[in-house]
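Derivation of every value follows stated rules applied to the coordinates shown; laboratory data play no part. In this text the structure is predicted, and so the values were computed from the model without any measurement. Please note: Cβ atoms are built from the backbone with ideal geometry, for glycine as well, and neighbour counts cover all protein chains shown.
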Amino acid sequence: MLSAVKRYRALVAGVLQRCFPRTSAHLREEDELLFRRWGGAPGKANKAAASKRKGKPAAKSKSTSEGPPRAAAKPRKAAVQGIYAAAQLKVEDAQVRAMRDRVEQAVAAGIISAPSQEQWAMILSRSPVTRIFAGAGSGKSTTLLLRVVFMLCHMGIEPGRLTVISFTNASCTQLREQLVRVLGFWQVPFDAQQARQCVRTFHSAMAQLAREVLARPVWFEQLDDKAAAADEPDNPLATARLRPAQVRLLKQAYQQCYAEQATFREQVHRLLDLPEPAAEAEQGKRAAPKAPGDAFTLAGEFTPLPLYEAFYAQAGFIESIGIRIDQLQAARLQCAAREKDFIEALVSFHGYFRAALREQGLLTFNEAFQQLTERLASGSDMSQASLAPFEHLLIDEFQDISPQIVQWLQALHRQLARQKSSPSLMAIGDDWQSIYGWRGSSPELFMDFDKYFPRRGAKGSETLLLETNYRSIEPVIRDGEAVLAGVRFKQAKTSRPCKPTQPGDHGVKLITGFELNKGLPKLIEAITAQCAHVAERQSRERTAVLLLSRRNEPLRTIQAQLDRKLPVKAYTIHRAKGLQAEVAIIVDDCAPVQPHPLRNALYAYSGFFRNSYDQAMADESLRLGYVAITRGVSRVFWYTRKAQGATERLARRG
């Protein structure tokens, strides 16, 4: 029966190819895109076909890793096969009793606070793959800590086979200190070096593997950064200003590409609205033409940049959403000619950029993730000792991971499963607090968790909810949830307040018509008054007032006029995740999202997202408002010029 089906499919394919050659080519490309979309390593047949269409011999292609032949479509099947065992983790009742008894003693000693029942469900989970929706102020950090203690001290998992992923070096440092302290109460020898090995950022964990597999790379992102640690790179939270050595290398690649590629020169001149470049015949034996350094503004971006910086910034986003730049087909993007011109020029530039990196022995973080993912997915030899630390993964802030990280995690745990290990994954996050979509992250990956991290057999992951909010009073919580009502795609849940509301407490007080230049003196008075209120209240919060904004500029302006003795801390909203204060004061205009036609096209091309990029950013703007509001414990104030975005929804409350 199967052979008959194959003959029929071959017959139909042959007819289509003879009669509708363009359609056949389209279907082949769709097949390759689908194959790439789910993170499998491209096979030899795929590489040969691509090389044939480009008129190049397959043997010379270096951009695609080795893998199994595509004829049997095995890689695509592997993408839907379960990674994690159907059986539960081995947890004995005696281990659970011992953990509960020791936790009770730790609570009595003042080491930790007593876990709630929903927190105990996470601590004692027996599923090899678990997803936890942990709301704002739900105590997830302490719960994660106790889960690690249970695995190390009672389940008998070796420290060298467990890694905790936290979001930044700062959060890792805090978690390490807490882990050493709590394990000390359990009388388990665990020093600072062991804690450093156990708790890492994604980039630090990747760098650990890259040192062994990719010959100790030197990171482009750390050029000229004397404070950076090569063995512990931080998670690049924001698009930091490029340092001189990085700019020089980018300009070198840009100039070389401009000098050698006539098509690239034409594209650059069109993008910069310059006259057509001189033809090669006119140039004769003159010196190589100098690449223009004019600033360029891509639709949807706020800041004009030199083209080479614009290429670098968008290349980072493209790689983050799981697209290989050397395989990107600009013709397939659903966007205008100008955006296609930009992508075609970016692809050319990126080839020269990678060559410049190789000449200097450098590697980008994105390139390292890609190379490691391809090696793992292709089944190439990688020692069990190298992969052992990743056997049991506990990942915090999972809602802010990107498709690139998903592909890496998939390949990592599939390889461990092939080596007869039994990997486990616990993902802790909150889609309501996903705020890094502008750099490629998406809460959809957390929402569709079972699609990307499947379990063998009929069972899916265990899903748990931490819904009790131990931080904020109910009016603050409900105002935060009111802002989220406009988010199109989210997990349905309701936070339960634990902290009682006292006289004088309130949710968000909205102050419209605020202009920073004119209203700064009154704002300073209000901040000072709130500090006095917190002092009178005798609050136990470490921070009296948290001053928040999307951008640094207004924060600097306000801080310059504040009395430095006041207990006020100022952060961008992105940097304030995990923080809290008795009073939160937000200064933000909720500027509307700018349409970004290129990223809309890239979102659709990647195949990972159901939303458009513009819709994702509109949702993220509301989630950012929720994060800001839920930093406050008993009072929140929001200063803005006019009610729009998140503040418009607050104004509707009446």
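Quick look at the numbers
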item: The range 128-209 shape via C-alpha gyration tensor axes, a/c threshold 1.5; result: rounded
item: Order of GLU462, GLU397 - criterion: other Cβ atoms within 10 Å of each residue's Cβ, fewest first; result: GLU462, GLU397
item: Chain lengthening between GLN95 and SER612 when straightened (0.36 nm per residue, less Cα-Cα); result: 181.4 nm
item: Hz values of 3J(HN,Hα) by residue in the range 189-204 - Karplus curve (6.51, -1.76, 1.60), Gly and Pro given as x; result: x, 7, 9, 4, 5, 5, 5, 5, 6, 7, 10, 9, 7, 4, 5, 5
item: Cross-link table LYS499/LYS522; LYS518/LYS642; LYS490/LYS522, entries beyond 26 Å C-alpha to C-alpha; result: LYS499/LYS522; LYS490/LYS522
item: 5 angstrom amide H check on LYS509, placed H, neighbours 5+ away; result: VAL636, PHE637, TRP638
item: Separation of the VAL107 and ARG196 label points, Cα + 7 Å toward Cβ, nm; result: 3.6
item: 5 angstrom amide H check on ARG496, placed H, neighbours 5+ away; result: THR468, ASN469
item: Set of aspartates and glutamates near LYS565 by C-alpha distance (under 19 Å), chain-local residues within fewer than 8 positions excluded; result: GLU525, GLU536, GLU541, GLU582
item: Residues with amide H under 5 Å from that of ALA134, placed H, sequence gap 5 or more; result: GLY429, ASP430, LEU466
